[in-house]
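Student: What follows is a structure written as structure tokens; I'll ask about it next.
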Amino acid sequence: GLAEEGPPLGEPPPAGPGTSEPSPDTGRPAWRPFFLRPRGRATVVVIVLGVPVIAAYIAARTLPTALWFDELGQLDVYGRIFAATVEFYVVVMATVALFISANLAIALRRSEVAKTFPGVLASIAASLVTGSMFASSVEGHWQTYLLWRHRQTFGVVDPIYGKDVGFFVFTLPFERMVSGLLLWLVAVAILYVALVYMARGELRFRPRHATFPAQLHLAGLAAIFLLVVAWRF
């Protein structure tokens, strides 16, 4: 009769659903919902705190200007400006993130880190953060981007360079901005790749040593850098 009422005194009760105590059958921790695990709790906290902060930041940056345009009766103008700014931001961020992630994937292709979830997540996070930083630094040039998108010819040829005057008004400012952005992008990619190879022991300065894949990768990035310099000139 005592055995039916419960476990003997001094013994812990058997693990039930939703607990982390070992199961009496398998000896492994019982299943718990994702939001009750340490990683799940951290994710919930980031979402609960991060989403309102991001929303407040966007509102603080856009609402005053939107209200000012609304007072002037030109809210649709601000809507087009905002759309162009977001489009330019996304294009720059996606381009930078793809370039950085591709180079990190090449540098980590023979590493065990690239096969783990934390390693992939860290690579994606570094690419997105770098892309957002580049996009934030150039989002104020949305007018240059719009002028290039809607470029037109003037029908007047410059006597020195033989180009239409519209090239100097619409295209040249945008190309100068893009070339400067590319130079910084390749330089940051070289820094990231060099740090990865140094962490893996494939690149050392004392004594100087670099494996062939590291040499080939860094030489390719240096060639891209020189091509961008030549295009800028």
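The values are calculated or read from the model by the stated rules, or taken from the named source; none is laboratory data. Model, not experiment: these values are computed from the prediction. Neighbour counts are summed over all protein chains in view; Cβ atoms, including those assigned to glycine, are modelled from backbone coordinates with ideal geometry. Side chains included, ligands, DNA and RNA excluded: accessible areas come from the protein's heavy atoms. Shrake-Rupley method; radii C 1.70, N 1.55, O 1.52, S 1.80 Å.
Student: Just flag the trypsin sites (Lys or Arg not before Pro) in segment 108-146 sitting in loop per DSSP whose Cβ has no more than 16 other Cβ atoms within 10 Å.
Tutor: Answer in residue order: R109, R110.
Student: Probe radius 1.4 Å, ligands and nucleic acids left out: which of E112, E139 has the largest accessible area, and how do the rest follow?
Tutor: E112, E139
Student: If one computes the Cα centroid of segment 83-125 and of segment 130-161, what distance in Å separates the two points?
Tutor: 26
Student: Not counting ligands, DNA or RNA, and with a 1.4 Å probe, what is W231's accessible surface area in Å² rounded to the nearest 10?
Tutor: Counting only protein heavy atoms, W231 exposes about 120 Å² to solvent.
Student: Another one. ³J(HN,Hα) across segment 50-55 via Karplus (A = 6.51, B = -1.76, C = 1.60, θ = phi - 60°), whole Hz, x for Gly/Pro?
Tutor: Calculated HN-Hα couplings, in order: x, 4, x, 5, 5, 4 Hz.
Student: Now for a different question. Given H placed on each backbone N at 1.01 Å, which residues far from D164 in sequence or on other chains put an amide H within less than 5 Å of it?
Tutor: D158
Student: Same structure again: For labels at V229 and V113 in the simple 7 Å Cα→Cβ model, what's the distance in nm?
Tutor: It is 2.9 nm.
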